[in-house]
Amino acid sequence: MLRTAARNAFKPGAGINGTVDLFHECELVYRTPSRGDLCSLVSAELITPRLPLRGNIMRLRMAAYMTRLLLHTVEPEEEDPRWHELISKALDYTATAEPAPRTIFHFEERLADLHGLLSPQLPAYRALQQHFSRLPTDRAELLSRLSDTHSGTD
């Protein structure tokens, strides 16, 4: 995880305004500090905006849950590209697919597998929960709403 500040981002001609946003995938150029840990954002180039996430509240909630789950289980200093690939593919799929519980289950299985926790004896979420203990609390409500929406009762 990178801590950064986008000073002057809203000034005319800054080129950053509107690029760095929730669930946008961007290529960032930043300057590392000589002291402290707050980097300065120099530029950002939009790669994938994932705008369909904003058009459906359940897609947005799924994306938020998966992002929080990943952040709860991966160390901030972790640089393994597999984490980025996992969340990027999950968000791309979520942006276009019909919201459904199976998307959440698949993401949890992939996450547990990357952590080496996947086991046929235990559902992926339970394995993650046992290992990390503190996970996002809105999972049950999200799955309930997805089940209602998916079955057409909402």
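The values are calculated or read from the model by the stated rules, or taken from the named source; none is laboratory data. Note that the structure is a prediction, hence the values are computed from the model and not measured. Backbone-built Cβ (ideal geometry, glycine too); neighbour counts: all protein chains shown.
Quick notes
- When the residues of the range 11-51 are filtered to those that are surrounded by 14 or more Cβ atoms within 10 Å (Cβ to Cβ) and modelled with pLDDT of 85 or more, the one that is nearest to P99 (Cα to Cα) is R50.
- Just one of (1) surrounded by fewer than 13 Cβ atoms within 10 Å (Cβ to Cβ); (2) part of a helix (DSSP H, G or I); (3) at pLDDT 95 or above fails for D148. It is (3).
- Any pair with Cβ under 8 angstrom, 6 or more apart, that starts in the range 71-82 at a residue that is within 14 Å of L117 (Cβ to Cβ) and ends at one that is at pLDDT 90 or above and among the aromatic types (F, W, Y): H72/F132; T73/F132; V74/W83
- Taken together, the residues in the range 35-77 that are of a type in the set (D, E) and closer than 22 Å to T137 by Cβ amount to 1.
Here's the yes/no breakdown for (1) closer than 25 Å to I47 by Cα; (2) basic (K, R); (3) modelled with pLDDT of 95 or more:
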{"position": "L86", "(1), (2), (3)": "yes, no, yes"}
{"position": "A100", "(1), (2), (3)": "no, no, yes"}
{"position": "T103", "(1), (2), (3)": "yes, no, yes"}
{"position": "E108", "(1), (2), (3)": "no, no, yes"}
{"position": "A112", "(1), (2), (3)": "no, no, yes"}
{"position": "H115", "(1), (2), (3)": "no, no, yes"}
{"position": "A124", "(1), (2), (3)": "no, no, yes"}
{"position": "S133", "(1), (2), (3)": "no, no, no"}
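- Scanning the range 55-87 for residues that are among the polar types (S, T, N, Q) and either exposed (fewer than 15 other Cβ atoms within 10 Å of the Cβ) or in a helix (DSSP H, G or I) (or both) gives T67, T73.
- In the range 50-61, residue farthest from A95 (Cα to Cα) [restricted to those that are touching a residue at least 24 places away in the same chain (Cβ under 8 Å) and basic (K, R)]: R61
- As a summary of the residue check, M58 satisfies the conditions (1) at pLDDT 85 or above; (2) not assigned by TED's automatic domain parsing to the domain that holds H84 except for the one numbered (2).
- Applying the condition of being surrounded by 15 or more Cβ atoms within 10 Å (Cβ to Cβ) and among the charged types (D, E, K, R) to the range 93-112 and asking which residue is farthest from S144 (Cα to Cα) yields R110.
- Annotation note: of A44, A100, A64, the sole residue that is in the same structural domain as C26 (by TED's automatic domain parsing) and either free of Cβ contacts under 8 Å to residues at least 40 places away in the same chain or more than 15 Å from the chain's Cα centre (by Cα) (or both) is A44.
- Residues considered: A90, A140, A127. Of these, the only one that is under 26 Å from D21 (Cα atoms), assigned to a helix (DSSP H, G or I) and not polar (S, T, N, Q) is A90.
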